[in-house]
1. Normalising by the residue count of the chain, find the relative contact order in percent from Cα pairs under 8 Å and 6+ residues apart.
2. Rounded to the nearest 10 Å², what accessible area does MET195 show when all protein chains are kept and the probe is 1.4 Å?
3. Using label points projected 7 Å from each Cα along Cα→Cβ, tell me how many nm separate GLU297 and SER162, to one decimal.
4. Bin by bin, in steps of 10 Å, what percent of the Cα pairs in region 234-284 do you find, going until the bin that has the longest distance?
5. Compute the longest continuous run of the chain that contains no exposed GluC sites (Glu not before Pro); treat a site as exposed when its DSSP state is not H, G, I, E or B and it has at most 16 other Cβ atoms within 10 Å.
6. Before anything else, pin down the relative contact order of region 31-159: Cα pairs under 8 Å, at least 6 apart, normalised by residue count, whole percent.
7. Which semi-axes, in whole Å and largest first, does the equivalent ellipsoid of region 117-178 have when worked out from the alpha carbon gyration tensor as the square roots of 5 times its eigenvalues?
8. Compute the Rg/Rh shape ratio of the chain: radius of gyration over Kirkwood radius, all on alpha-carbon atoms.
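The values are calculated or read from the model by the stated rules, or taken from the named source; none is laboratory data. Everything quoted here is computed from the prediction, not taken from an experiment. Cβ placement follows ideal geometry from the backbone for every residue including glycine, while neighbour counts extend to all protein chains displayed. Ligands, DNA and RNA are stripped out before the accessible areas are found, and what is left, the full protein with its side chains, is counted by its heavy atoms. Shrake-Rupley method; radii C 1.70, N 1.55, O 1.52, S 1.80 Å.
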Amino acid sequence: MGKSPTVFPAGNFDPESDAKTLKEAFKGFGTDEEAVIDILARRSNQQRREIASTFKTMYGKDLQKELKSELRGNFEDVMLALMTDPIEYQAKELHDAISGLGTDETTIVEILGIHNNQDVVNIANAYEGLFQTSLEADIKGDSSGHLKRLLISLANGHRDESEEVNEDSARGDAQSLLQAGELLFAGTDESVFNMILCQRSRPQLRRIFHEYENITGHSIEQAIENEFSGTIKDSLLQLVHCVRDPVDFLATRLHDAMAGIGTDDKTLIRIVVGRSEIDLEEIKDVYNAKYGKSLIERIEQDTSGDYKRSLLTIVG
């Protein structure tokens, strides 16, 4: 997957001038939100952190704390997300997904499913540093049964990351999935699904799904629908979608965050900010093709005020 960001490092970057402009924006009664958006939404994460350290040197104040006291609501959340180290941000989002009322499994699968092994390990380390408890311990405390085992496997970041595809072993794994599920007389052997879906490389899994369909005449998704129920079913379907096509998966997540009544602002902000320096341009293209409406139009309909302006600036 080539990089297709919507946010790039600013040319002729001058952290002192940016820090000064931000300080001016906070002056007096009210805040100049446009100035804040104009700087923070048009700099790379690395540059924003340079601005923060320059701000501290120049004014003896913490830029994040200033933003917290000056801004409100979803707009504040976007700006703080932009200011946070990307790995740390994902760790915080995981913590919110686990520690809130009920568990947000979809977000946990999204974050652990979309990142590579090194990122998953780094996120888990950041999590422990921030919350003095391991990601695995929190998942164990918050989920049970097959779902717990699936999430722990994902949190370990042990997926094979080779690019080669072995057709023979793909056929073997497809056969194993069939025997653990649809051919099993009583129930389902979830551990086989867990092992294959969490350990095999993404290209290998796409081949396994293809072989499964060849053998059975229907998709692996159909098999999961037939064999599982409840949250584990939803989580496995999410994971398969994420493996099949991560960009399509994220476009769908954005769509679902804004579909129906109300907006899942947390997911909207996480994906827009989190992917802005990675592949948000590509996600936009897939979104437009899939839903017949541009992501920009959707955000314009679904959000308002400075929150809307900040998202639109990032989305480009």
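1. Reported relative contact order: 22 percent.
2. Its accessible surface works out to 80 Å², give or take rounding.
3. Taking the two extended label points, one gets 4.6 nm.
4. 26, 53, 21
5. 1-160
6. Answer for region 31-159 is 20 percent.
7. Largest first, region 117-178 gives 29, 17, 4 Å.
8. Result for the chain is an Rg/Rh of 1.02.
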